[in-house]
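Colleague: Dropping a structure here in structure tokens format, bear with me for questions.
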Amino acid sequence: MSFRNASAILTRANRIKSKLQSSLEATVLDVDDVSYQHAGHAAMKDTSDKETHFNLKIVSPKFEGQSLVKRHRMVYDLLSDELQSGLHALSIVAKTPNEVTASAK
């Protein structure tokens with residue numbers, strides 16, 4: 001089975017996790033599918049895709065020295081193929097390990 005066929009079997013949430021984990025080496029990666037909250041919205045009425053909206057929480061050392069905008073851009077770039085194939089919206093919390101440690105004090 002080719003990778004393209006295998007990726008069709010995986011859920012979008014699993015593909016998102018795999019792409020972000022492998023590229024960002026995340027120490028925390030939470031991917032929550034909240035598509036059900038948007039099922040009745042006008043933009044979703046003409047689609048059969050059920051995995052369209054996600055909340056992401058990512059803690060990665062690769063975010064060190066990057067602005068919040070740059071961190072979000074990194075995530076969007078990694079998920080560009082998902083965004084072009086039915087992923088409609090992301091809510092992103094992107095922190096460094098040091099920021100998480102500092103906020104825990």
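Values in this text are rule-based calculations from the coordinates and carry no lab data. Predicted, not measured: the structure shown is a model, and the values here were computed from it. Because the Cβ atoms are built from the backbone with ideal geometry, glycine has one as well, and the counts that use them run over all protein chains shown.
Colleague: In a shell of Cβ-Cβ distance under 10 Å around V93, excluding V93 itself, what net charge do Lys and Arg (+1) and Asp and Glu (-1) give?
Modeller: Around V93, the charge tally is +2.
Colleague: Under a 5 Å amide H to amide H cut-off, with H placed in plane at 1.01 Å, what residues pair with V93 once short-range neighbours are removed?
Modeller: HN-HN under 5 Å from V93: L56, K57, I58.
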